[in-house]
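Each remark here refers to the structure printed beneath this line.
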Amino acid sequence: MYRVWNFVTNYSLFLIGGAIIALIWANLNPDSYHYFVDYAIVDDFFIGYLHEDENGNLIRTLTLHYLVNDVLMALFFAIAAKEVWEAVILKNGSLRGKKAATPLFATAGGMFGPIAVYLGLAAVMGSETYSAVANGWAIPTATDIAFSYLVGRMVFGAGHPAVRFLLLLAIADDAAGLLILAIFYPSAELAPEWLLLSLGASVGAFILFNWLPRRLDRGDQLRTRSTFVRKTFSFWPYAVAGCLSWYGFQESGLHPALGLLPIVPAIPHADRAFGFFADAERHLHDLLNQMEHALKYPVEIILGLFGLLNAGVEFSSMGPATWLVLAGLIIGKPIGILLFGWVAAKPLGLGIPEGMRIIDLVVIGFVAAIGFTVSLFVASVAFDAGPVQDAAKMGALFSFFAAVLSFIAGKVLMVEKQEN
């Protein structure tokens, strides 16, 4: 439990603090808050949001909001991608083999369920409401890994197989969320040729500073060339490649916060995964883990700024999008996870972990309904700044109440806690 709480305090308390300050500030003095959020750092710059100037020319302006959401949050998504990459590709990765089949099915249910509830209820509210909120369909598909894992361990106990099931589901949900952001929420008109810059940066860094030194070291137990490259260049080739890849994403029209994702697989990494939150990773000295550890404190500050710049919504802004996001999360998640998980476990015969009941999927669904971080991020890109975006963000913030529902569901369904 200490390891999980340590992770949450490291990466989430700053986020919560920033969100609380933003809520108070936006409700006491909304004008000064929005002036702060939209403060223009540099006009007519090579990075920033694209818009027309007074002469009709397209220029980019670097605002504080763009700096945090589109530039600095790329480091947060890179860390998330690192965990997904290890879970999929490395020996003993948690998303490899048959053991991940049922959680992956449940993940699909945990995404389709919220989408169906969100769009279905929006359609019932009328065509005008549907048109206004439809683009936010992906907001309730998100699961906040850190908070859901913490709540899951508190509900089920650290040794319950449902906790590992929840973890696999949350990691897969994270991977799917990254794909949704890339495909369905471009930041501008698509210019896919710019992705060649991202691809070239990743492939070039991998070949020159990862694959080639190891290739030349075949038969050399001292790994002379690999050691020389690591000590001489360290992380700098990948940092430069990351900047190029990020710029390629910005110019391509894909959301630039995902711009570091192509570089993660190119970085030298350990040959096995110890699992998300694994304490053993502190002792790994591969470059990928070293870079993650080095980013720990910067990402804490970045998440605090993200909360400060995105959670500032006035309570009067609650509207249809608020309740649709909440309904998608607290109704769609449990139903979707239960339905798809049952189909995988029973009719398809894939089974569930020993010691876990089918009804536990309902509790897992409520735990996974804690959206928060990624839900806030998707809300900020799904809607233009204004009442609908603010209402959707309020729904993402209210998703914390899913934790309360998780404890209630655990009691009603008689979950037996299993500690280590």
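Please treat every number below as a calculation from the coordinates, not as lab data. Quantities reported herein were computed from a predicted structural model and do not represent experimental measurements. With ideal geometry, Cβ positions are generated from the backbone for all residues, glycine too; neighbour counts draw on all protein chains shown.
Under the rule a/c < 1.5 gives rounded, and otherwise a/b versus b/c splits prolate from oblate, where does region 279-404 land using the Cα gyration tensor?
oblate
Compute the Cα gyration tensor for the chain, then decide on rounded, prolate or oblate, letting a ≥ b ≥ c be the square roots of its eigenvalues: rounded whenever a/c is under 1.5, prolate when a/b is larger than b/c in the other cases, and oblate in all that remain.
oblate
Taking DSSP loops as anything outside H, G, I, E and B, show the longest stretch in the chain free of GluC sites (Glu not before Pro) there with at most 13 other beta carbons within 10 Å.
Formally, the longest exposed-site-free interval is 190-353.
If I stretch the segment between Ile24 and Phe235 completely, what's the gain in nm (0.36 nm per residue apart, minus their alpha carbon distance), one decimal?
Additional length available on full extension: 72.0 nm.
Working out 0.36 nm times the residue gap between Arg223 and Leu64, then minus their Cα-Cα distance, what length gain in nm do you get to one decimal?
Value of the extension gain: 52.7 nm.
For region 31-172, compute the orientation-averaged projected area of the C-alpha convex hull (one quarter of its surface), in nm².
13.5 nm²
Mind telling me which of Val378, Val133, Val229 comes out most flexible in a GNM of the chain, alpha-carbon contacts under 10 Å?
Evaluated over the chain, the most mobile residue of the options is Val229.
If you average the sequence gap of Cα pairs under 8 Å that are 6 or more apart and divide by the length of the chain, what percent do you get for the contact order?
Rounded, it is 30 percent for the chain.
Put +1 on the Cβ of every Lys and Arg and -1 on every Asp and Glu Cβ in the chain; which of Pro186, Gly312, Met291 then has its Cα farthest towards the positive end of the dipole?
Result: Met291.
Which FRET efficiency value, to the nearest 0.05, is calculated for Phe112 and Leu199 with the Förster distance at 51 angstrom and r the Cβ-Cβ distance?
Using R0 = 51 Å, I get an efficiency of 0.95.
FRET efficiency for Asp31 and Val412, Cβ-Cβ distance as r, R0 = 30 Å, nearest 0.05?
0.05
Looking at the square roots a ≥ b ≥ c of the eigenvalues of the Cα gyration tensor of region 121-279, which shape do they give, rounded for a/c under 1.5, prolate if a/b is larger than b/c, or oblate?
Note, shape of region 121-279 comes out oblate.
In a shell of Cβ-Cβ distance under 11 Å around Met318, excluding Met318 itself, what net charge do Lys and Arg (+1) and Asp and Glu (-1) give?
So the surrounding residues net to -1.
Using the membrane-span-like helix rule (whole DSSP H runs, Cα extent along the own axis of at least 18 Å, mean Kyte-Doolittle hydropathy at least 0.0), which helices of the chain qualify?
Membrane-span-like by this criterion, though nothing is claimed about a membrane: 13-28, 73-89, 101-124, 161-184, 236-252, 296-310.
Going by C-beta contacts inside 10 Å, put Ser234, Ser317, Ser375, Ser32 in order with the fewest on the left.
By the 10 Å Cβ count, ascending, the order reads Ser32, Ser234, Ser317, Ser375.
Per-residue ellipticity at 222 nm for the chain, helices alone: DSSP H runs ≥ 4 residues times -39500 (n - 2.57), over residue total, nearest 500 deg cm²/dmol?
One gets -18500 deg cm²/dmol as the mean residue ellipticity at 222 nm.
For each pair in Lys99/Lys417; Lys98/Lys333; Lys99/Lys333; Lys98/Lys411; Lys82/Lys411; Lys333/Lys411, compute the distance between the two Cα atoms and list the pairs where it is over 25 Å.
Exceeds cut-off: Lys98/Lys411; Lys82/Lys411.
Loop sites only, by DSSP: take the trypsin sites (Lys or Arg not before Pro) in the chain that have at most 15 other C-beta atoms within 10 Å and name the longest stretch containing none of them.
Formally, the longest exposed-site-free interval is 224-356.
For labels at Leu212 and Val124 in the simple 7 Å Cα→Cβ model, what's the distance in nm?
It is 6.1 nm.
Note down the relative contact order for region 272-420 as a percent, whole number, built from C-alpha pairs under 8 angstrom at least six residues apart.
Relative contact order comes out at 29 percent.
Can you compute the charge dipole magnitude of the chain about its Cα centre, using +1 on each Lys and Arg Cβ and -1 on each Asp and Glu Cβ, nothing else charged? Give it in debye, rounded to the nearest 20.
Around 2100 debye, computed over the chain.
Using 0.36 nm per residue, how much length does the chain from Met318 to Ala158 gain when fully extended, once their Cα-Cα distance is taken away?
That pair, Met318 and Ala158, stretches by 53.9 nm at full extension.
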